[in-house]
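Colleague: Supplied in structure tokens, the structure appears directly below.
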Amino acid sequence: MTIARLASFAFSGIEPVPVEVQVQIAPGLPAFLVVGLPDKAVGESRERVRAALAGLGLSLPPKRVLVNLAPADIAKEGSHFDLPIALAVLAAMDVLPREELAGYAALGELSLDGAINPVAGVLPAALGASARDLGLICPAAQGGEAAWAGRIEVLAAPDLLALMNHFRGTQVLTPPEPPAPESRPWSGPCLSEVKGQESAKRALEVAAAGGHNLLMVGPPGAGKSMLAARLPGLLPDLTPSEALEVSMIHSIAGLLRDGRLVVRPPFRDPHHSASQAALNGGGARARPGEISLAHNGVLFLDEWPEFPRPALEALRQPMETGRTTISRANAHVTYPARFQCIAAMNPCRCGYLGDAPRECGRAPRCGEDYQMRLSGPLIDRMDLAIEVTPVPPADLARAPTGETTEIVAARIRAARDRQRARYGAEGPRCNAAAEGLALERTLAADGPARALAEQAAERLRLSARGYTRTLRVARTIADLAGSAAVQRLHVAEALAFRHRGAARSQAVLAG
Ligand SMILES: Nc1ncnc2c1ncn2[C@@H]1O[C@H](COP(=O)(O)OP(=O)(O)O)[C@@H](O)[C@H]1O
Ligand SMILES: [Mg+2]
């Protein structure tokens, strides 16, 4: 009456936590029990496993079948324990060889007919298995995803029968290949379709080049959403390690498509009705939120002040730390969340504040009330803040003459390459993520540039955060210009981009 064992994983954030599925078949009243802190989905595994075995023409022995998920103090969530439970039960029944199974970890959900369905978390599980020198048994559709883990034997099976035949040696499963990552040329909307708006386009380019946050304020129809939709095309491909990080998060969220890694920076644009849990992560099953799905990419918050206040305030910490921690009943879960925040808003509720013939009777009070929905610390985190004024209809009628996405993206790529060369593989991934020393060392600002920054910080009463963020933007502007040192000119442009600081920084420059 020995115990059959098979490795699997639970997930804490994107970390795979080893779980051992132990099965004991003992004399006693017939029963099939799962213990070890299972949630509802895991509890229901019993029924799916029983049905899948019946589909194979097997029935559970009329004994006491006890399944333990060890260690018992970690909460086990989701349906991916179906497959390891079924395999361990089959091993305990001596249908599958125990010694051979010991070399694998498994995850997958079972249908009642024994088919193995895709589950979340295959990529992190494969990395976890690889780290422990185990192979991985996973759903057929996700073999390619698992194969990304590198040195690892993957058994990607369509159903339980295929696995049984594999272990019997009657029909060996072919190892899956990782699908080639595809980096297609940008086929989305082109920047040249935006007519005029030169300063807004410049701000978009600077934001893209350094990964900075950008706030666009302007009346409806000014082109804010149009500009934001063109940002993804400006961003360079993810590096292999960034791609792996992003793919891990998307795998945990069950969003990885046909086993391909995410190679383009993600662009997430949640609707303003999104809850705090949807944005920040969490909820009944701790899933990554929009800010984590936007990791190494863009979070676009259109109609910014319309988001629920708690959801907005919850953004503050991740915007500084690059990660988010969700408190659960029995644990804290941390997900990466280093995203570039692009926000767009109307100046007031009706949208026409400052446009005398159209603004409502409550102006300018309505604008103040509307902007009050955003806290100072939140606005302070927007590195660039610009007013987007509508292009006159006569200009809209003209043919587009501006630069294409391709041309601007090439400049941005060059600026990013400069940043990467400067910070190295271990350093921050772009200027927006540069901290303390890394930032100070790389500033190499000339004397007048530093003087201007310090003077402006005092006159404009920049917060310490505002000062640092301005220097980062100045560094990016220098990178776009191919300048090793940050010059006065670069600092001046960065200051002009700071929220509502445009007029005042002009005064500083003049003075
Ligand atoms: N600068 C522009 N060049 C070309 N079309 C524009 C421009 N500004 C606005 N439009 C047109 O107006 C529409 C509305 O713009 P949109 O980006 O949705 O405005 P907003 O988000 O600021 O309310 C766009 O889809 C586009 O057709
Ligand atoms: Mg819009």
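The values are calculated or read from the model by the stated rules, or taken from the named source; none is laboratory data. Here the structure is a predicted model, which means the values were calculated and not measured. Note that each Cβ is placed from the backbone with ideal geometry, even for glycine, and that neighbours are counted across all protein chains shown.
Colleague: Could you tell me whether the stretch 362-378 includes any residue that is modelled with pLDDT of 90 or more, within 26 Å of Leu495 (Cα to Cα) and basic (Lys, Arg)?
Modeller: Checked the stretch 362-378: no residue is modelled with pLDDT of 90 or more, within 26 Å of Leu495 (Cα to Cα) and basic (Lys, Arg).
Colleague: Within the stretch 265-285, count every residue that is assigned to a loop (DSSP other than H, G, I, E, B), without any contact (Cβ under 8 Å) to a residue 60 or more places away in the chain and surrounded by fewer than 24 Cβ atoms within 10 Å (Cβ to Cβ).
Modeller: Summing the residues that are assigned to a loop (DSSP other than H, G, I, E, B), without any contact (Cβ under 8 Å) to a residue 60 or more places away in the chain and surrounded by fewer than 24 Cβ atoms within 10 Å (Cβ to Cβ) in the stretch 265-285 gives 10.
Colleague: Right, something else. Given the stretch 328-401, what helices (runs of 4 or more DSSP H) lie entirely inside it while holding 1 or more residues that are within 16 Å of ligand 1 (Cβ to nearest atom) and closer than 30 Å to Arg469 by Cβ?
Modeller: 365-372
Colleague: Among Ala449, Ala438, which is modelled with pLDDT under 85 and in contact with a His (Cβ under 8 Å, 6 or more places away or on another chain)?
Modeller: Ala449
Colleague: Let me ask something else about it. Which residue pairs have Cβ atoms closer than 7 Å, lie 6 or more positions apart in sequence or on different chains, and pair a first residue in the stretch 45-60 that is within 20 Å of Lys76 (Cβ to Cβ) with a second residue that is acidic (Asp, Glu) and surrounded by 20 or more Cβ atoms within 10 Å (Cβ to Cβ)?
Modeller: Taking only residues 6 or more apart or on different chains, the pairs are Ser45/Asp82; Arg48/Asp82; Val49/Asp82.
Colleague: Among the residues of the stretch 204-224, is any in contact with an Asp or Glu (Cβ under 9 Å, 6 or more places away or on another chain), surrounded by fewer than 22 Cβ atoms within 10 Å (Cβ to Cβ), in a helix (DSSP H, G or I) and modelled with pLDDT of 90 or more?
Modeller: No, the stretch 204-224 contains no residue that is in contact with an Asp or Glu (Cβ under 9 Å, 6 or more places away or on another chain), surrounded by fewer than 22 Cβ atoms within 10 Å (Cβ to Cβ), in a helix (DSSP H, G or I) and modelled with pLDDT of 90 or more.
Colleague: Looking at (1) closer than 30 Å to Ile412 by Cβ; (2) touching a Phe, Trp or Tyr at 6+ places or on another chain (Cβ under 7 Å); (3) among the β-branched types (Val, Ile, Thr), which is the only condition Val194 fails?
Modeller: (2)
Colleague: Checking Leu299 against (1) within 16 Å of ligand 1 (Cβ to nearest atom); (2) assigned to a strand (DSSP E or B), which test does it fail?
Modeller: Tallying (1) within 16 Å of ligand 1 (Cβ to nearest atom); (2) assigned to a strand (DSSP E or B), Leu299 fails exactly one: (1).
Colleague: Can we say Met248 is away from ligand 1 (no atom under 16 Å from the Cβ), buried (at least 17 other Cβ atoms within 10 Å of the Cβ), aliphatic (A, V, I, L, M) and outside the structural domain of Glu320 (by TED's automatic domain parsing)?
Modeller: In short, no.
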